[in-house]
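Working notes, beginning with the structure itself.
Read-outs: derived from the displayed coordinates by stated rules, not from any lab. On a predicted model such as this, the values are computed, not experimentally measured, just so you know. Note that each Cβ is placed from the backbone with ideal geometry, even for glycine, and that neighbours are counted across all protein chains shown.
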Amino acid sequence: MALILVQLAAAPPPPHSVDEVLAAVSRNVRDFQERLPDFVCDERITSTASESGTLRTMKIVESVFKAVQKSSSLQGNGQPAFTETREIMAVDGKAVRKGTAMPRLPLAMLGGFSDVLNMTFSPENLEFHTYKLTETLDGGKLVVKFATKDHQQKLRTFLNGDSLVAKDTGTAWIDATSYQVVRIERNSLTLPPNLSRLKNTVEYGWTAIGDREFWLPLLMRSDATGRDTRKTKVFMADYTNCKKFTADIKLVP
């Protein structure tokens with residue numbers, strides 16, 4: 001999977017076709033890949049498990065989330081690899097010692113900050129999908145429906161440690177002026193044996209880092225349904241207080 005964050009830039013002329021919309025959106029993705037600085041955010045994770053609508057388990061984790069573009073570790077497309085790490089600060093409202101590992105969560109989707117949008121709209125991944133532009137909604141949002149191509153084999157996703165060929169459908173809401181993705185929903189159709197449904201949703205907005213603004217995820221949510229459809233799990237992570245990462249930043253519980 002992969003993500004999208006973007007720098008403020010002059011809006012391009014209004015596109016009139018799905019190809020023009022995709023070109024504008026993918027330029028924003030490329031801009032993110034090349035210009036986003038290393039940064040940290042406050043992250044709050046809430047992970048729950050329910051049965052027949054009744055909450056059974058909940059775990060809340062507060063952390064400092066660090067995102068780094070590693071040029072020394074390039075992806076297959078030649079772009080710097082986006083890596084994310086966390087310093088756990090509190091679990092269920094209680095402060096923890098430095099170096100505490102992520103606790104076991106009812107549902108963990110810890111790579112979704114960057115993956116969902118890049119997987120869908122990065123220039124190198126457009127060829128693996130079909131896209132359909134629908135009517136403009138109230139509020140100036142363009143709606144794009146997408147799906148992975150039936151016989152593609154190169155685009156893959158990782159679930160429960162397994163590498164699976166991506167077979168997905170979804171919807172993206174795109175600002176008609178800046179061509180930034182405001183919200184994206186991606187439904188996984190290739191699933192491990194213990195799941196019957198998995199949907200990832202990410203919402204985005206402008207975030208100041210230093211004296212510049214970037215388009216970053218504000219909220220990431222995953223909804224999973226087991227083979228026993230009475231059993232559901234939810235993973236939610238929200239991000240606030242983002243700032244440029246420097247060696248002077250110290251993480252103190």
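What ranking of 181, 144 emerges when the number of other C-beta atoms within 10 Å of each C-beta is taken as an exposure proxy, fewest first? Intermediate results must be reported in sequence, preceding the final value.
On the way: 181 26, 144 22.
Fewest to most other Cβ atoms nearby, the residues stand as 144, 181.
Just order 215-221, 117-123, 17-23 by mean Cβ neighbour count inside 10 Å, highest at the front, would you?
117-123, 215-221, 17-23
In this model, which of 59/154; 132/244; 98/199; 66/94; 132/199 are farther than 31 Å apart at the alpha-carbon?
Details: 59/154 35 Å; 132/244 37 Å; 98/199 33 Å; 66/94 21 Å; 132/199 20 Å.
Beyond 31 Å: 59/154; 132/244; 98/199.
If we count every other residue with Cβ under 11 angstrom of residue 212's Cβ, Lys/Arg +1 and Asp/Glu -1, where does the sum land? Write down the numbers at each step before the final one.
Values: positive: 35, 244; negative: 211, 213.
Around residue 212, the charge tally is 0.
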